[in-house]
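Please treat every number below as a calculation from the coordinates, not as lab data. Worth saying up front: this structure is predicted, and the values here are computed from it rather than measured.
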Amino acid sequence: MKPTDTKQKEASFSQLVKREKSTIYSLCLLFADDKSLVDDMVQECLINLWKGFDGFEGRSDIRTWLYRVCMNTCISFDRQCKHTTGYLVELDPQLLQSEDDGAVAARQYEMLHERIKQLGPFDRALMLLWLEDLPYDEIGSIIGISATNVGARLTRIREQLKQMNNPSNK
């Protein structure tokens, strides 16, 4: 590579990371249970994104590629760590409250994440992408299944989440 190509690559990569840093962090947060582990996962994601940056061919949206690399990194990292504690950092409801939504919405958000962290890695990833409001076809291309399969799996996962708080199923 020419020196200018390297500088251009670094600048493009830096822009991508700046633009998508909250997405990368959110993905890692879904799989980690403490800040140091999240930071390690973010670092691992950035390394894998950098390694694969030259290989990105543009056949999909760059964001789709980023999701896929980070999702695979987090799942692999999660398997390597084999930690047995929860997967989400405890949420501070005060951070989630505003004058409009209040404590009820914060509690609902907290309960949803408590349920999601009980799912397997693949289902957690699927739910995160759905909560990011991505279309089914984009979710499918990120995780490698069809849009129809995304819909079917999400229906099953939502039912599973509903049943988690049903006392008659415990």
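Against the compact-protein benchmark of 2.2 N^0.38 Å, the Cα-based radius of gyration of the range 1-89 scales to 1.16. For the range 122-132, backbone phi angles converted through the Karplus equation (6.51, -1.76, 1.60; θ = phi - 60°) give residue-by-residue couplings of 5, 5, 4, 4, 4, 5, 4, 5, 5, 5, 7 Hz, Gly and Pro being listed as x.
Which entries of Lys9/Lys35; Lys7/Lys51; Lys35/Lys117; Lys7/Lys35 show an alpha-carbon separation above 26 angstrom in the structure shown?
Numbers: Lys9/Lys35 30 Å; Lys7/Lys51 15 Å; Lys35/Lys117 16 Å; Lys7/Lys35 32 Å.
With Cα atoms farther than 26 Å apart: Lys9/Lys35; Lys7/Lys35.
For the range 142-155, backbone phi angles converted through the Karplus equation (6.51, -1.76, 1.60; θ = phi - 60°) give residue-by-residue couplings of 5, 9, x, 10, 6, 4, 5, 5, 4, x, 5, 5, 5, 4 Hz, Gly and Pro being listed as x.
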